[in-house]
1. Using a 1.4 angstrom probe on heavy atoms only, work out the carbon and sulfur share of the accessible area of the stretch 242-375 in %.
2. List the residues, sorted by chain then number, that are 5 or more residues from VAL265 or on another chain and whose placed amide H is less than 5 Å from its amide H.
3. Please express the shape of the stretch 331-426 as an equivalent ellipsoid: the semi-axes are the square roots of 5 times the eigenvalues of the C-alpha gyration tensor, given largest first in whole angstrom.
4. Roughly what percent of Cα-Cα pairs across the stretch 168-285 reach past 24 Å?
5. Between the stretch 392-408 and the stretch 322-377, how far is it from one alpha carbon centroid to the other, in angstrom?
6. What is the gain in length, in nm to one decimal, between SER413 and GLU181 on full extension, counting 0.36 nm per residue of separation less the C-alpha to C-alpha distance?
7. Say a paramagnetic label sat at a point 7 Å from the Cα of LEU361, along Cα to Cβ; which residues of the stretch 266-293 have their backbone N under 15 Å from it?
8. Ignoring everything but the protein chains, give the 1.4 Å probe accessible area of ARG293 in square angstrom, nearest 10.
Amino acid sequence: MHDDGRYDDPRVSRSEGLPPGAEPVSRETEQQSWPSGGEPGPAVRPPDCDPVVRRDVPAVGAARPSPQSYVPPPSTPDGRPSNAPSGRAAPVQRNAGVPSRFEPPVGGNVPPPVPQQPHPGTVPDSVSVTTDTPAPVSGVVSADPASAAYVSRETPTREEDDPPLAMEAMRAVQILNPSGEVTMPRPERTRVMCVANQKGGVGKTTTTVNLAVALALHGNRVLVVDLDPQGNASTGLNVPHHTGVPDVYDCLINSVPLEEVAQEVEGIPNLWCVPATIDLAGAEIELVSVVARESRLARAIAAYPGHFDYVFIDCPPSLGLLTVNALVAAQEVLIPIQCEYYALEGLNQLINNINLVRQHLNPKLEVSTILLTMYDRRTRLADAVEQDVRNHFGDKVLQAVIPRNVRVSEAPSYGQSVMTYDPGSRGATSYFEAAQEIAERGVKEPVSRNA
């Protein structure tokens, strides 16, 4: 197809609807001058031309229009003349006050605009579709007094909570308890709790450390006995447990009094810790030939001259003599359960061993507390494990659930518990709620006494 830079209106013939001397309007060229040529002739259009704007081929012998009688019509921002037909539906006009598409002619010799021919499936440009009501804009309040009660969803209201940082600061103050008041009830007698589970990595040490710190910060006197040869509880409380430090091994094998081994935890009032060193790894072998080997730890705790509200015993991930010593010395068993299938698989064996110890060595022993740890709300498995544990143990399962939180894992690397490392985190808040629930279950009425 030949292109000479001119688009002729396909709806108008050169001999129809034009006054004498007038020529059709070019669609692309806005120049005021054309090179002079011969007489104009009728335009020839291809037979397959559709209503979409196409470039027509001029007839043989046709001449370009004379510049004396040519005045270009007003054009649109995209370069098309205002009276050019459109091959697609006209856009919706949302403002009813928009003036007409065709402006009045500027020159006297300019022909009037030719009306457009309708095409199936399109809306003529001369027809304006208007909407009386503008589309609502999110977050904008109308100035109309009748709609003054409208409030955007993004606009904060007075009933909403405080900002997240303010809420985190409030939780941190509540957990740290800088006033030192007794805000958690203290039991009438010492509660010796054994934190046991032969499954490793379920959070026994983390639970022991954080519960002990939470109770100590709120007015309870707490002793932590690290019975795990790895000594992780001693690390979490920043208590020295290198070789040569008096530890729980001396109490079990050499009958050293517990008060000579216990160390006060720095920065946490009312909290003491009996550390464990690598020497404890050989204690199980040495205890085999010792008389009353199962009750060595129970007698050491009973002989302690001071009074404690809570004694937490961190057990190793096994069912050997060290764990049996802890079960005999304790009155209650706290079982942390990871929300995974493997943690449930070995739970039945642990319950059987606890029943054996109750029958033969410690009739007062009972499973009093079940704590769900490492709970991931994004998985259905965690929810299924929680439902199974709650259906089996009932009220023994704490309502507080410990979620997966990186702050809980970071705290031991700084020699701290999560309660002091990041008191406003979700992990600290969850352990604080668990400690408060344990304290409230231990007494029927809050005990207000200071030691």
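1. Carbon with sulfur: 53 percent of the solvent-accessible area.
2. Here the answer is LEU271, TRP272, CYS273, since their amide H atoms fall under 5 Å of that of VAL265.
3. So the three semi-axes of the stretch 331-426 are 27, 18, 11 Å.
4. In whole percent, the share of Cα-Cα pairs in the stretch 168-285 beyond 24 Å is 30.
5. Between the Cα centres of the stretch 392-408 and the stretch 322-377 lies a distance of 15 Å.
6. Additional length available on full extension: 80.6 nm.
7. Zone members listed by number: 283-293.
8. 80
The values are calculated or read from the model by the stated rules, or taken from the named source; none is laboratory data. The model shown is predicted, which means the values in this text are computed figures rather than measured ones. Glycine gets a Cβ as well: all are built from the backbone with ideal geometry, and neighbour counts include every protein chain shown. The accessibility values were calculated without ligands, DNA or RNA, using every heavy atom of the protein model including side chains. Shrake-Rupley method; radii C 1.70, N 1.55, O 1.52, S 1.80 Å.
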